[in-house]
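Comments concern the structure below.
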Amino acid sequence: MKKLAKFFSILFFVATISFVFLTTMPMVASGMTEQEMVNRDTELVTVPEVTIGSFPVAVHSVYGNIITWESSDENVVFMDGWFVVKRQKDADINATITVTVTRPNNPEIQATREFNLLVPKGVTVRAEYTITYHNVENTEGYKTSYLLGDETYVLPVPTKENYLFEGWFTDAGFNNRIERIVVGSKQNFDLYAKWRVANAPYTVSHQLENLDETFTEELSEQFEGLIGSVVSAEPMEFEGFEYSETISSPSGTVLEDGNLILVLKYTRKSYILTINDGLSTTSVTKKYGESLNLPVQYRDGYQFDGWDTEYSTMPSRDLTVNAKWTALEVDYKVEFYFENLSGDYVLNDDETLELKAKTDSTVSVPEVAFAGFTLNDSHPDKVMSGEVLGDGSLVLKAYYSRNSYTLTIVYDNGEENYVQVLKYGETIDVETPEKEGFTFAGWEPELPETMPANDLTVKAKWSALPVYQVSFDSTGGSSVQTQNVIEGQKATRPADPTKQGYEFAGWFLDLSAVEPYDFDAGVYGPITLYAKWTEGTSSYKVEHYLQDLEGN
């Protein structure tokens with residue numbers, strides 16, 4: 001009997017030996033091939049030759065090999081690193097235990113080893129241990145004990161109204177959590193159920209619409225609610241956004257896992273952006289936060305100084321922006337049109353003024369006096385003032401009527417004065433006057449060719465003509481009186497002189513009587529005329545005188 005007890009003791013000791021290798025990181029032995037590493041693990045593992053109960057075997061390799069176990073008998077089963085002897089038979093159990101060691105990256109490299117195992121009949125001994133449950137009301141169906149070598153027992157999940165089970169612990173302070181009693185365990189267990197009120201967290205996610213119509217979470221709120229109850233979220237106020245119930249999930253049932261998320265979505269509000277560039281007004285719709293994209297403006301005659309807004313994106317209200325402009329100095333012209341002698345108005349390019357003024361300022365035709373002309377303020381085409389245009393196209397137009405003036409000619413020759421009204425610049429056409437004994441010496445003041453810009457009176461100037469003597473040499477004939485003749489006038493033919501025995505043949509400019517004198521010609525110097533005679537018959541009479549008593 002003592003020998004049998006000693007045998008059982010040895011068997012029990014052998015059955016409780018742990019054959020688990022080191023669980024350090026796999027290593028590669030220096031100088032060893034993969035096959036040698038497989039073979040080495042096969043040599044190291046072992047199985048008892050005789051057992052009366054369950055026993056552990058090696059499942060880890062320092063070389064990183066994969067170790068698998070098989071049993072030839074259904075009553076000796078490998079599980080969780082143990083061979084479990086399931087039941088006692090009336091006969092011995094002879095099982096073949098096979099271990100296979102394989103390289104993890106090459107299944108073809110492996111080694112196998114077999115062990116013979118004896119489980120004697122009628123001598124299977126397994127210790128029994130208790131399981132005691134605390135903090136639970138109903139343990140019906142719960143396992144209250146286990147035998148050494150029993151399969152791993154997964155602890156049940158109890159229930160309790162309005163509470164959530166948070167796990168089993170091996171101490172009342174809930175420090176050591178346990179989920180199962182693993183095969184090979186050999187102790188009594190006092191298990192304490194941990195509970196918490198059956199509230200579960202849930203999340204309210206407030207999501208704001210992006211400009212691309214997607215949504216991004218702006219705010220996340222955490223709440224708790226009774227598991228299984230229906231909860232609802234209240235929308236919040238966000239500037240520039242409005243809550244949209246149609247695309248939100250504002251209510252739901254509280255889940256035990258706390259994964260309920262209520263999503264409240266807020267769409268972006270739209271507002272009216274009014275753009276006034278100074279010439280026209282345009283209105284567009286912009287979403288809150290959208291870029292204004294205000295353009296750089298150009299306008300004739302102005303410098304663009306930006307927009308009168310501090311915003312670069314659309315605010316949460318309607319917005320009007322105005323372009324800021326600085327007026328530049330630009331060109332404008334003043335044209336002068338003058339009435340010509342035909343009564344038409346003609347532009348005088350030489351008098352056109354090229355001026356500058358600030359855009360949109362009001363300018364007027366400057367007061368300019370032109371000799372001989374008067375501003376015609378009633379001309380239908382006049383443009384006497386206007387606003388300066390940015391493109392420099394403003395043209396002011398002034399029309400000037402031609403003035404008329406009185407021309408008075410004083411002849412001073414006995415004729416009546418000549419009086420005529422002439423337009424400025426009109427040609428003055430006055431015949432040269434005459435005055436006996438005088439030569440015309442011009443006008444005082446000098447008479448211009450065209451009418452000046454004023455009334456004009458001119459007086460004829462006269463110069464007395466020189467007087468020349470026209471002498472008559474009758475060359476032996478009767479004497480002829482000398483004549484005094486004003487220059488240019490004609491000498492008067494005198495009565496023919498007489499000469500005894502001769503006939504008068506005319507007056508000549510030379511004594512030789514070659515060049516006859518023309519009494520129709522003007523006298524322009526002293527002249528001596530010579531009579532020409534021709535021989536001829538002449539009559540004579542003889543008178544007889546008687547002396548009277550007185551002696552005559």
Per the charge dipole of the range 457-552 (beta-carbon charges, Lys/Arg positive, Asp/Glu negative, Cα centre), the residue among VAL523, PRO494, GLY476 reaching farthest to the positive end is VAL523
As a test, work out the antiparallel percent of DSSP beta bridges whose residues both lie in the chain, rounded to the nearest 5. 80 percent
With each label point set 7 Å from Cα along the Cα-Cβ vector, what nm distance links SER291 and ALA521? 11.0 nm
Could you pull out the GluC sites (Glu not before Pro) across the range 76-172 that fall in loop regions by DSSP (anything but H, G, I, E, B) with no more than 12 other Cβ atoms inside 10 Å? GLU137, GLU140, GLU161
Before anything else, pin down the relative contact order of the chain: Cα pairs under 8 Å, at least 6 apart, normalised by residue count, whole percent. 6 percent
What is the set of long-range amide H partners of ILE93 at a cut-off below 5 Å, with H atoms built 1.01 Å from backbone N? VAL119, LYS121
Students often check this: by mean Cβ neighbours within 10 Å, which of 412-419, 489-496 ranks highest, and how do the rest follow? 489-496, 412-419
What is the gain in length, in nm to one decimal, between GLU128 and THR96 on full extension, counting 0.36 nm per residue of separation less the C-alpha to C-alpha distance? 8.8 nm
Nothing charged except the Cβ atoms of Lys and Arg (+1) and of Asp and Glu (-1): what's the magnitude of the dipole of the range 199-268 about its Cα centre? Round to the nearest 20 debye. 180 debye
So, R0 is 60 Å and r is the distance between the beta-carbons of ASP350 and ALA464; what FRET efficiency does that work out to, to 0.05? 0.80
Compactness ratio of the range 363-419: Cα Rg over 2.2 N^0.38 Å, N = residue count? 1.96
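Quote the charge dipole size of the range 128-197 about the Cα centre in Debye, to the nearest 20; the model charges only the Cβ of Lys and Arg (+1) and of Asp and Glu (-1).
200 debye
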Considering Cα pairs under 8 angstrom that are at least six residues apart, work out the relative contact order of the range 388-446 and quote it in whole percent. 23 percent
What shape does the range 222-270 take by its C-alpha gyration tensor, where a ≥ b ≥ c are the square roots of the eigenvalues and a/c under 1.5 counts as rounded, a/b above b/c as prolate, and the rest as oblate? prolate
Of the residues LEU375, PHE189, PHE504, the Cα lying farthest along the dipole of the chain towards its positive end, which is defined by charges on the beta carbon of Lys, Arg, Asp and Glu, belongs to PHE189
For GLU218, list long-range residues whose amide hydrogen, built 1.01 Å from N in the peptide plane, is under 5 Å from its own amide hydrogen. HIS206, GLN207, LEU208
For the chain, take the longest principal axis of its alpha carbons; what is the angle in degrees between that and the long axis of helix 2-15, to the nearest 10 within 0 to 90? 10 degrees
Residue span THR313 to MET236: 0.36 nm per residue of separation minus Cα-Cα distance leaves a gain in nm of 25.4 nm
Under unit Cβ charges (Lys, Arg +1; Asp, Glu -1), what dipole magnitude, rounded to 20 debye, does the range 270-327 have relative to its Cα centre? 160 debye
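For every helix of n ≥ 4 consecutive DSSP H residues, a contribution of -39,500 (n - 2.57) applies; sum these over the chain, divide by its total residues, and give [θ] at 222 nm rounded to the nearest 500 deg cm²/dmol.
-1500 deg cm²/dmol, from helical runs alone.
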P(r), alpha carbons of the range 325-442 - 10 Å bins starting at zero, rounded %: 12, 30, 21, 15, 11, 7, 4, 1, 0
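Could you work out how much longer the chain between THR457 and THR216 gets when fully extended? Use 0.36 nm per residue separation minus the Cα distance between them, nm to one decimal.
Length difference between fully extended and current span is 76.6 nm.
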When the charge dipole of the chain is computed with +1 at the Cβ of Lys and Arg and -1 at the Cβ of Asp and Glu, the Cα pointing farthest to the positive end, of PRO158, LEU465, THR214, is that of PRO158
Simple spin-label estimate for LEU447 and GLU49 in nanometres, 7 Å along Cα-Cβ: 17.3 nm
Helix 34-44 vs. the chain, principal-axis angle (Cα, 0 to 90°, nearest 10): 30 degrees
In whole angstrom, and with the biggest value first, how far do the Cα coordinates of the chain range along each principal axis? 262, 63, 30
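Each reported figure results from applying straightforward, stated rules to the coordinates on display, with no laboratory input. Model, not experiment: these values are computed from the prediction. With ideal geometry, Cβ positions are generated from the backbone for all residues, glycine too; neighbour counts draw on all protein chains shown.
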